[in-house]
């Protein structure tokens, strides 16, 4: 992401200077250093993904990994339906359950009420 921003804004004269490391990425040497640093970051990202995949594989073999758990909610949809049936507005349901407007509508749509 940072790499893309640097290369997008560089033709417009935007300079990137890393103050703590005293790196100026605007000149030819700076672009070379940036290229090397971004390359190393990409390699580290790939290694991290490989290590994570290996860890997941081990956990799956042991029966401890179940992936992303769907349906994790801040509040029960049934509570939103109950409040809606009692005449509460969407804003009141949002505040009572401390959830977003979109979540309220999603809960109500699942029951066919919105």
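Brief remarks follow.
- Residue within the stretch 26-38 that is out of contact with any strand residue (DSSP E or B) (no Cβ under 7 Å at 6 or more places or on another chain), under 29 Å from residue 67 (Cα atoms) and surrounded by 11 or more Cβ atoms within 10 Å (Cβ to Cβ) present: no
- Checked against (1) at pLDDT below 90; (2) assigned by TED's automatic domain parsing to the domain that holds residue 101, residue 85 passes all but a single condition, namely (1).
- Selection over the stretch 8-36 of residues that are without any contact (Cβ under 8 Å) to a residue 24 or more places away in the chain, in contact with a helix residue (DSSP H, G or I) (Cβ under 9 Å, 6 or more places away or on another chain) and assigned to a helix (DSSP H, G or I) gives a count of 3.
- Test: residue in the stretch 92-103 that is within 30 Å of residue 5 (Cβ to Cβ) and assigned to a helix (DSSP H, G or I): yes
- Among residues that are surrounded by 10 or more Cβ atoms within 10 Å (Cβ to Cβ) and more than 26 Å from residue 105 (Cα to Cα), residue 55 is included.
- Residues located in the stretch 3-33, provided they are at pLDDT 85 or above and closer than 20 Å to residue 45 by Cβ: 33
The values are calculated or read from the model by the stated rules, or taken from the named source; none is laboratory data. If you're wondering where the values come from, they're calculated on a predicted model, not measured in any experiment. Every residue, glycine as well, gets a Cβ built from its backbone with ideal geometry; the counts of neighbours run over all protein chains shown.
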